[in-house]
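First comes the structure, then the notes that go with it.
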Amino acid sequence: MLDSSILRHDWTRDEAERLYNQPFNDLLFQAASVHRANFDPNQVQRSKLLSIKTGGCAEDCAYCSQSARNGATLSASKLLEVERVLAEARKAKEGGATRYCMGAAWRSPKDRDMDSLVAMVEGVREMGMETCMTLGMLDDTQVLRLKDAGLDYYNHNIDTSERYYSDIITTRTFADRIETLNRVREAGIKVCAGGIVGMGEQQMDRIDMLLALANLAEHPDSVPINMLIPIANTPLADVEKLDPIEFVRTIALARILMPKSHVRLSAGRTDMTDELQAMCFFAGANSIFVGETLLTADNPEEDHDSALFARLGIAAMAPGCDGSR
Ligand code: SAM
Ligand code: DTB
Ligand code: SF4
């Protein structure tokens, strides 16, 4: 059995493949053991998302409803007013979210937007929630302004393996993503980085994506694993669905490779059965997005999530508690 208190950054493809492909029951047992050695297995963190700038994005991410290059019929909006964002954040806080994640459909923010972004971070922090932003690539000055404003987390996904990356996105590289992640971490902002599965990738790509995250200088604090939400008129609209067992294997491997990270069962829950989600929690997922909308796509109704937590005996993590042992 692995020593789950040690954080390793030298995982090999061979090891990861063996872990991923072991009999399912062995994999689940191992992942659940790592999970409970590091976290209370019956606590799940809840984050709430808000799209602060929707659509019209210059990037060509094949999965995304917000790319101006895709045919998705989403109308583009400007950056929301600070007051509007804070009003939405207040509602999320009342609904029990402990982290507020603000996402913008940008390749990177414009300097003229920075004052508003800073005000949003400061305002949400004053409400006693953790703050997270996902704004695309950042330069050094932008990272420092967000850090000074008190931003807790920055979400920037590597999305898939380095090998498969250019099949999905051509307007930026895998290395560009890693560069922003390094900049964010070096500034002392906590990193939220994960990816999407079910994009027609091979098993090897799912494994390599997790290896790339686990072998960063530090494991991301949060690792969102998104199941592709197929969006009409995007290049991935009709891609073959991923076998749910493969999805659970991906969650389990993330838990084993990054024992102390919060692994988020992220986009795609609307299409998952309660039983599949329960299996993901058993395999080590301990965070979700709550609320009926993600950025632009649907998410389960809050009542449904509350009922599922009750049926599973899962408690929502309280503010200031990260569920760790
Ligand atoms: N524009 C910024 C960026 O790309 O970093 C932030 C917003 S972007 C929508 C945030 C993440 O949402 C993407 O990196 C991707 O992992 C996830 N995402 C977007 N569309 C998705 C979809 N249809 N299904 C699953 N995940 C999706
Ligand atoms: C992440 O990994 N997933 C979230 C968040 N980080 C920004 C976004 C999911 C987006 C799902 C598609 C949509 O709502 O448009
Ligand atoms: Fe733009 Fe982000 Fe969507 Fe890519 S994922 S098109 S960068 S909003």
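Pairing residues of the range 98-116 that are farther than 21 Å from Val191 by Cα with residues that are part of a helix (DSSP H, G or I) and at pLDDT 95 or above, at Cβ distances under 6 Å and at least 6 apart in sequence or on separate chains, gives Ser116/Val82. The combined condition, being more than 16 Å from ligand 2 (Cβ to nearest atom) and either at positive phi or in contact (Cβ under 8 Å) with a residue 60 or more places away in the chain (or both), is fulfilled by Gly95. Across the range 225-259, the number of residues qualifying as basic (Lys, Arg), more than 21 Å from Ser47 (Cβ to Cβ) and crowded, with 16+ Cβ neighbours inside 10 Å comes to 1.
When the range 185-199 is filtered for residues that are away from ligand 3 (no atom under 16 Å from the Cβ) and β-branched (Val, Ile, Thr), the ones remaining, listed by number, are Ile189, Val191. The test for being more than 16 Å from ligand 3 (Cβ to nearest atom), of a type in the set (S, T, N, Q), over 23 Å from the mean Cα position of the chain (by Cα) and at pLDDT 95 or above does not hold for Asn38. Looking only at the range 280-318, residues that are at pLDDT below 95, in a loop (DSSP other than H, G, I, E, B) and either in contact with an Asp or Glu (Cβ under 9 Å, 6 or more places away or on another chain) or among the acidic types (Asp, Glu) (or both) come to 3 in all. Look at the range 45-65: where a residue is closer than 20 Å to Arg84 by Cα and a partner is more than 7 Å from ligand 3 (Cβ to nearest atom) and among the β-branched types (Val, Ile, Thr), sitting 6+ places away or on another chain with Cβ atoms under 6 Å, you get Lys48/Val290; Ile52/Val85. Quick check: is even one residue across the range 151-159 more than 16 Å from ligand 1 (Cβ to nearest atom), farther than 18 Å from Leu257 by Cβ and either at pLDDT 95 or above or charged (D, E, K, R) (or both)? Looking for residues that are more than 16 Å from ligand 1 (Cβ to nearest atom), farther than 18 Å from Leu257 by Cβ and either at pLDDT 95 or above or charged (D, E, K, R) (or both), one finds at least one in the range 151-159, hence yes.
Residues in the range 100-122 that are touching a helix residue (DSSP H, G or I) at 6+ places or on another chain (Cβ under 9 Å), buried (at least 18 other Cβ atoms within 10 Å of the Cβ) and not in a loop (DSSP other than H, G, I, E, B): Tyr100, Met102, Ala104, Leu117, Met120, Val121. You will find that of Ala97, Ala72, the residue that is within 16 Å of ligand 3 (Cβ to nearest atom) and in a loop (DSSP other than H, G, I, E, B) is Ala72 and no other.
The values are calculated or read from the model by the stated rules, or taken from the named source; none is laboratory data. None of these values were measured; they are calculated from a predicted model. As a convention, Cβ positions derive from the backbone with ideal geometry for all residues, glycine included, and neighbour counts pool all protein chains shown.
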